[in-house]
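Remarks on the structure that follows.
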Amino acid sequence: MRKSTLTKPSPPHYQNQAQIERDRLQKLTEVARLLTASLESSTVIQTILEAIPQVIPGVDAVALFLYNPVKDILEAKSWVGFITENIERMKLRPGESMTGYAFSANKAVLFSGDKIIHEGIVNMSPGNRSLQPNLTPLTAQSVMCAPLNFKGQVLGVITVNNFSDQNAFTEFDLDLLQSFASQATISIENSRLYEKQRESFQEQADLNRIIRQQARQLEHALNIHKTLAALALQNRGLPVITQALSDILKQPVVILDMVYHPIALAYPQGVEPLANGWWRQFDSLLAYNNHRSYQLDNGKLNDFHRPIIDPKVMPIQAGNEKLGFICTGRLGNETGVDFANVAIEQAATIIALEMIKEQSIFEVERRLRGELLEEILAGTNDEHIVNRASLVGYDANCRYWFILADIDDFRGYIQRYQLEENAILSIKNQLLKFGSQLVTQQHPKSIVTFRSDMLVIMLGISNNLTMEQSRQRAKYFAQEVKNQLTAKFEPMSFSLVLSRPCVDLGQFKSRYQEAAMALQIIGGTEAGSQVVDCALLGSALLLMKLDNRAELAEFVNSVLGDLIKYDRQHHSDLLATLTTYSRFNCNNVRVAAELHIHANTLSYRLSRIEEITSRTLGRTDDWLDFQLAIRLLQIYPELSDAA
């Protein structure tokens, strides 16, 4: 609080006391005029303090205390002649000290002499008592206190001190101080009313600003709704709607399904695409976000080279069913649009409707294709089924290959991630959608459906190519499907089988069954890391069609049973040696190199195999038996248990 710049004038020599009193009253009138010159609280209080010494010449120090009703204390708001660091700490209860007494009694009080002043401060609290001797440079000899009374309510107290004369103040001075306090009270109250009115005006201005902002947001919401709804009505699709939202927000947007796989993503114009998988930055928020939208305040997701700032996640819901999530956020320090939340909320509604529409169409197509496959597998082959197949993409001028893609250990994946039924269905739908887009973009005459936990692709390739060209293209594309599925749906892995070609619908059933049997055998094994081509399985195809597993086990046992027993008893590798010998077409040099053994060691092992099995490797019939038994063990490893 700044100190007064006024110095107390030396009292002039008046001819009589009446003239002195008239002059002081005139000064009080001038001060009253000054008090009405400003409505600022700080200015009014400072004017009060500077005016008091001019009205009452005996004043050496003055302080204005205002009552704090919340804390029930009197606090010094401004002062002249007091030591700042001490009076700032002075907190008086009503009734405490001379100032507190004037407040409680609601009357002006004069204290003169050491004894009376001492009695006036005897009830001070220990804390305030310790401050009392250090409030002023000298000890007070005379003290006057006048309450600030406004309509019966005491707002505070003005306290003045004289340091040199016990008789410095008279009753006239006390009346004068009270009159002054009354005028000061009106000025302080007017200042308070003014500040309240100004605050009210400010609140009104703030409210008007909020209303204008909400009106702008409502206008933006309506425009956004119109824009996105128009795209939906024009059947522009989810990718176009997502791009429109990205352009509105001026930040990247990704739409995720219930297992956090992206189904659409977009970047605003001028922004380069981010690294593949950048949406994984939202994983922690998605795990936290279960039923509501969530924004990380002042947050940043920085697991990638270009972190997402102020990330937002909004659920996409249709009623109580959650369909997916909208994820977005700024890429740098650029200012985001102030209606981002409104835009995302509007987009969530439109995207939910679009997803429901696409899902309905998708379900119809899926049902038609599924029914077609079931009819084919049931052996139906008439003119009507050919017509129905044509409706979903079948072309009699194409050769067809089955590509069966199975999720490795799907049950374990479901248990590991504790997936619910809607999440499992979402995975299957996304697999089918992704597979359909991938296949039909390159081979439009193909048919894609889902059977049990398996993606079924009926790949159509034109008859204009030779059979070998078609087979190579089918084999290459099957490997591409595997690579794309693995990259898209990480951490899931897939086993794929490519069937032999189908030249007409009549071959679909047998080719599918061959491929399904091969997939059942290799699924989830090391062989599953590559696409298995049924055309290269040779005799294995014939063996897989034998249903009598007991007879197969008996055959394996008759050929290799003694060898398997010998390996178990002696911890040897004779069966592995024979298998490698078969794989490298009896080439001793390559077999020895593969097994990392000397050629003499290989010759010894081959001799022992002939002795144990009582068969000759160079005899055609015996070698054919060895080949078939080894192939059966590769197809049905459990047959070795019968040995």
Exercise. How about region 564-586: which of its residues are among the hydrophobic types (A, V, I, L, M, F, W, C) and more than 15 Å from Trp623 (Cα to Cα)?
Worked result: Ile564, Leu574, Ala576
Seminar exercise, completed: In region 393-423, residues that are within 24 Å of Glu365 (Cα to Cα), open to solvent by 40 Å² or more (accessible area, probe 1.4 Å) and not polar (S, T, N, Q) total 3
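When you check Phe489 against the structure, is it touching a helix residue (DSSP H, G or I) at 6+ places or on another chain (Cβ under 8 Å), touching a residue at least 12 places away in the same chain (Cβ under 8 Å) and surrounded by 19 or more Cβ atoms within 10 Å (Cβ to Cβ), yes or no?
In short, no.
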Problem set entry | Selection status of Lys445, of a type outside the set (A, V, I, L, M, F, W, C) and farther than 23 Å from Pro262 by Cα | yes
Problem set entry | Filter result (farther than 15 Å from Ala576 by Cα, assigned to a helix (DSSP H, G or I) and open to solvent by less than 70 Å² (accessible area, probe 1.4 Å)) within region 629-643 | Ile635, Leu639, Ala642
Problem set entry | Complete set of residues in region 93-116 that are outside any helix (DSSP H, G or I), within 60 Å of the chain's Cα centre (by Cα) and either crowded, with 23+ Cβ neighbours inside 10 Å or among the basic types (Lys, Arg) (or both) | Arg93
Problem set entry | Residue identified as surrounded by 12 or more Cβ atoms within 10 Å (Cβ to Cβ), within 26 Å of the chain's Cα centre (by Cα) and either of a type in the set (A, V, I, L, M, F, W, C) or more than 30 Å from Phe410 (Cα to Cα) (or both) among Tyr194, Tyr267 | Tyr267
Problem set entry | Residue under evaluation Val342, criteria (1) open to solvent by less than 30 Å² (accessible area, probe 1.4 Å); (2) closer than 17 Å to Ile255 by Cβ; (3) modelled with pLDDT of 70 or more, criterion not met | (2)
Exercise. Assuming Val44 fulfils every condition listed in (1) part of a loop (DSSP other than H, G, I, E, B); (2) of a type outside the set (S, T, N, Q); (3) open to solvent by less than 20 Å² (accessible area, probe 1.4 Å); (4) modelled with pLDDT under 80 apart from one, which condition is it?
Worked result: (1)
Exercise. Do the conditions hold for Ile376, that is, is it touching a Phe, Trp or Tyr at 6+ places or on another chain (Cβ under 6 Å) and closer than 24 Å to Ala516 by Cα?
Worked result: yes
Exercise. Is there a residue in region 162-184 that is on the phi < 0 side of the Ramachandran plot and within 58 Å of the chain's Cα centre (by Cα)?
Worked result: no
Exercise. Quick check, is Gln217 open to solvent by less than 60 Å² (accessible area, probe 1.4 Å), in a helix (DSSP H, G or I) and within 24 Å of Gln317 (Cα to Cα)?
Worked result: yes
Problem set entry | Subset of region 596-627 (residues that are touching a Leu at 6+ places or on another chain (Cβ under 9 Å) and either open to solvent by 50 Å² or more (accessible area, probe 1.4 Å) or free of Cβ contacts under 8 Å to residues at least 12 places away in the same chain (or both)) | Thr601, Arg605, Arg608, Glu610, Trp623
For this session: Hey, can you tell me all the residues within region 392-447 that are within 32 Å of the chain's Cα centre (by Cα) and among the β-branched types (Val, Ile, Thr)?
Result: Ile407, Ile414, Ile424, Ile427
For this session: Could you identify the single residue in Thr328, Thr335 that is among the polar types (S, T, N, Q) and at pLDDT 85 or above?
Result: Thr328
Exercise. Mind checking which pairs have a first residue in region 546-561 that is farther than 19 Å from Ala518 by Cβ and open to solvent by less than 60 Å² (accessible area, probe 1.4 Å) and a second that is at pLDDT below 80 and among the charged types (D, E, K, R), Cβ under 9 Å, 6 or more apart or different chains?
Worked result: Ala553/Glu638; Ala553/Asp641
Exercise. Are any of the residues in region 173-188 touching a Pro at 6+ places or on another chain (Cβ under 9 Å), surrounded by 13 or more Cβ atoms within 10 Å (Cβ to Cβ) and among the aromatic types (Phe, Trp, Tyr)?
Worked result: no
Exercise. Only one residue in Val271, Val259 is of a type in the set (A, V, I, L, M, F, W, C) and in contact with a helix residue (DSSP H, G or I) (Cβ under 6 Å, 6 or more places away or on another chain), so which one is that?
Worked result: Val259
Exercise. Quick one: is Ile241 under 30 Å from Glu421 (Cβ atoms), crowded, with 21+ Cβ neighbours inside 10 Å, in contact with a Gly (Cβ under 7 Å, 6 or more places away or on another chain) and modelled with pLDDT of 85 or more?
Worked result: no
Seminar exercise, completed: Residues in region 426-478 that are β-branched (Val, Ile, Thr), open to solvent by less than 40 Å² (accessible area, probe 1.4 Å) and not in a helix (DSSP H, G or I) total 6
Exercise. Mind checking whether some residue in region 58-75 is open to solvent by 30 Å² or more (accessible area, probe 1.4 Å), assigned to a helix (DSSP H, G or I) and either among the charged types (D, E, K, R) or modelled with pLDDT under 85 (or both)?
Worked result: no
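The values are calculated or read from the model by the stated rules, or taken from the named source; none is laboratory data. Remember, it's a predicted structure, so these values are computed and weren't measured experimentally. Counting neighbours? That spans all protein chains shown, and the Cβs are built from the backbone with ideal geometry, glycine included. We work out accessible area using only protein heavy atoms, side chains counted, and drop any ligands, DNA or RNA first. Shrake-Rupley method; radii C 1.70, N 1.55, O 1.52, S 1.80 Å.
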